[in-house]
């Protein structure tokens, strides 16, 4: 079948809907902006409302006979070398849950890299899947986790031969990438599927100088957030499938269980348009972005007190197998402050927002949308940050546990701990108790504590000192961490 990537079925259908002047007596109630509040229209513009219509009975007919969405998904699959692609408008948080539910069922085992995003843990809670945690490779000097190795997954399968499959996160939010081909081979020797949470890798298929992308590396299911490193709208996500280890009808059914019956056509349009942009111009756009990132990295390295993490820092036998240079990760510890304080200062004084901040780093993510003007402003702000560093000292101390101390014993299934009887106890009394909630520094959103894990003093101290230093714990019952939600103990 010949594929024409100049076409954009969703965008074309939107244009046709507008051209025909269709009159809808259906949701959404704003009726193509006519009923929207005038002040909202002034801020958002009417184009937002013109693109906001029903997918079924609006963009397409009530039985979807025009196959608008299906044709857009087929084009996306072709662009990234997948056999099947599914669009979702609930973010990769939904996509990864759908992939997990298509791979394993309640009380079945799934190998999961412990550096997984909170959405994966949410999937465990909803599904009742029993996680077999595969420890990431830990850089003790930089206090940074990289994806587990293929050998780590080999050992985990040897200890848990009944596991239904494996899940790995690559790239990480810091840009570290796994040996996806090696991990896929480990899985496929056992006829088990590999899920890759590649939320940060939407751009990878479109330039040869970027790390290998999951479908090309042999993964069975890949989840991608188009809004992160692509140019889709927030919550626009796709998941891709290949091979015969997962039935596409089952995967779609699992997605339907979790997804909305009122998907946003605006998000579909963003996904469709981004695919066309990348298929036609991706190599040139990303080539320019990579050149720009190299120049920005070199310029930041010249600023006293700042260091840009690169392949020398991130890649090696006990580290990542590859890295993406577009998330420009900057170590600010040489300024004598924390990433939290640096991020806050840049926002307050320079109107510059960074992607993530931790105890010693900030990440200034670049994409194909950046240019010399935006990076010039970033570099100017970073130079001013370096000059302002004395104001940001002394930085509050974050007590970081050793890699061994970060590993908490999984006593109960995440689902059982989360949904069972709970109690909120003072944090000073929580040591030894079983957590009934996630405690997740965000971003990047990797839980330090999961439901069902036994709390230890080093991890609690890390979180307490982190919150005092500026860490954000948005999903804790008490974000200030004066109390912790734990499994209720009879008589306690």
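The values are calculated or read from the model by the stated rules, or taken from the named source; none is laboratory data. The structure presented is a predicted model; accordingly, all values stated were derived computationally and were not measured. Please note: Cβ atoms are built from the backbone with ideal geometry, for glycine as well, and neighbour counts cover all protein chains shown.
On the given criteria, is residue 184 in the same structural domain as residue 98 (by TED's automatic domain parsing) and in a loop (DSSP other than H, G, I, E, B)?
Working: in the same structural domain as residue 98 (by TED's automatic domain parsing): yes; in a loop (DSSP other than H, G, I, E, B): no.
No; evaluated as a whole, the condition is false for this residue.
Taking residue 473, is it in contact with a helix residue (DSSP H, G or I) (Cβ under 8 Å, 6 or more places away or on another chain), assigned by TED's automatic domain parsing to the domain that holds residue 353, within 18 Å of residue 341 (Cα to Cα) and surrounded by 16 or more Cβ atoms within 10 Å (Cβ to Cβ)? Spell out how you get there, then give the answer.
Working: in contact with a helix residue (DSSP H, G or I) (Cβ under 8 Å, 6 or more places away or on another chain): yes; assigned by TED's automatic domain parsing to the domain that holds residue 353: no; within 18 Å of residue 341 (Cα to Cα): yes; surrounded by 16 or more Cβ atoms within 10 Å (Cβ to Cβ): yes.
No.
Looking only at segment 234-258, how many residues end up being assigned to a loop (DSSP other than H, G, I, E, B), out of contact with any helix residue (DSSP H, G or I) (no Cβ under 6 Å at 6 or more places or on another chain) and over 12 Å from residue 103 (Cβ atoms)?
From segment 234-258, those assigned to a loop (DSSP other than H, G, I, E, B) are 234-236, 242-247; that's our starting set.
Filter again for out of contact with any helix residue (DSSP H, G or I) (no Cβ under 6 Å at 6 or more places or on another chain), leaving 242-245, 247.
From the residues that got through so far, the ones that are over 12 Å from residue 103 (Cβ atoms) too are 242-244.
Counting residues in segment 234-258 that are assigned to a loop (DSSP other than H, G, I, E, B), out of contact with any helix residue (DSSP H, G or I) (no Cβ under 6 Å at 6 or more places or on another chain) and over 12 Å from residue 103 (Cβ atoms) gives 3.
Have a look at 245, 258, 194, 251 and point out the one that is assigned by TED's automatic domain parsing to the domain that holds residue 150 and at pLDDT below 95. Give the derivation first.
Values: 245 fails: at pLDDT below 95; 194 fails: at pLDDT below 95; 251 fails: at pLDDT below 95.
From the options 245, 258, 194, 251, the qualifying one is 258.
Residue-by-condition table, conditions (1) under 30 Å from residue 108 (Cα atoms); (2) outside any helix (DSSP H, G or I); (3) within 22 Å of the chain's Cα centre (by Cα):
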{"site": "378", "(1), (2), (3)": "no, no, no"}
{"site": "381", "(1), (2), (3)": "no, no, no"}
{"site": "408", "(1), (2), (3)": "yes, yes, no"}
{"site": "418", "(1), (2), (3)": "yes, no, no"}
{"site": "432", "(1), (2), (3)": "yes, yes, no"}
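Residue by residue through segment 227-242, note down the ones that are within 20 Å of residue 355 (Cα to Cα) and in contact with a strand residue (DSSP E or B) (Cβ under 6 Å, 6 or more places away or on another chain). Reasoning before the result, please.
Pass one, segment 227-242, residues within 20 Å of residue 355 (Cα to Cα): 227-237.
Within segment 227-242, just 237 meets the criteria.
Could you list, in sequence order, the residues of segment 456-492 that are assigned to a loop (DSSP other than H, G, I, E, B) and under 26 Å from the mean Cα position of the chain (by Cα)?
Of segment 456-492, the ones assigned to a loop (DSSP other than H, G, I, E, B) are 456, 470-482, 488-492.
470, 471, 472, 473, 474, 475, 476, 477, 478, 479, 480, 481, listed by residue number.
Residue pairs, Cβ under 6 Å, 6 or more apart or interchain, first in segment 7-32 and under 26 Å from residue 277 (Cβ atoms), second at pLDDT below 95 and assigned to a loop (DSSP other than H, G, I, E, B). List them.
13/59; 14/51
Against the definition (crowded, with 18+ Cβ neighbours inside 10 Å and closer than 27 Å to residue 284 by Cα), how does residue 368 come out, yes or no?
On the way: crowded, with 18+ Cβ neighbours inside 10 Å: yes; closer than 27 Å to residue 284 by Cα: yes.
The answer is yes for residue 368.
Among the residues of segment 333-342, how many are surrounded by 23 or more Cβ atoms within 10 Å (Cβ to Cβ) and free of Cβ contacts under 8 Å to residues at least 40 places away in the same chain?
Summing the residues that are surrounded by 23 or more Cβ atoms within 10 Å (Cβ to Cβ) and free of Cβ contacts under 8 Å to residues at least 40 places away in the same chain in segment 333-342 gives 1.
Any residue in segment 218-226 that is surrounded by fewer than 21 Cβ atoms within 10 Å (Cβ to Cβ), modelled with pLDDT of 95 or more and either under 30 Å from residue 294 (Cα atoms) or out of contact with any strand residue (DSSP E or B) (no Cβ under 9 Å at 6 or more places or on another chain) (or both)?
Kept after step one, since they are surrounded by fewer than 21 Cβ atoms within 10 Å (Cβ to Cβ), are these residues of segment 218-226: 218.
Filter again for modelled with pLDDT of 95 or more, leaving 218.
Now restrict to residues that are either under 30 Å from residue 294 (Cα atoms) or out of contact with any strand residue (DSSP E or B) (no Cβ under 9 Å at 6 or more places or on another chain) (or both): 218.
Yes, that holds for at least one residue.
Using the structure shown, decide if residue 398 is in contact with a strand residue (DSSP E or B) (Cβ under 9 Å, 6 or more places away or on another chain) and at negative phi.
Working: in contact with a strand residue (DSSP E or B) (Cβ under 9 Å, 6 or more places away or on another chain): no; at negative phi: yes.
Answer is no for this residue.
Would you kindly identify the helices (runs of 4 or more DSSP H) lying entirely within segment 1-81 that contain at least 3 residues that are over 22 Å from residue 260 (Cβ atoms), in contact with a helix residue (DSSP H, G or I) (Cβ under 9 Å, 6 or more places away or on another chain) and assigned by TED's automatic domain parsing to the domain that holds residue 240? Can you show your working first?
Details: elements: 9-20, 38-44, 46-50, 68-79.
Once the helices (runs of 4 or more DSSP H) in segment 1-81 are filtered for at least 3 residues that are over 22 Å from residue 260 (Cβ atoms), in contact with a helix residue (DSSP H, G or I) (Cβ under 9 Å, 6 or more places away or on another chain) and assigned by TED's automatic domain parsing to the domain that holds residue 240, what remains is 68-79.
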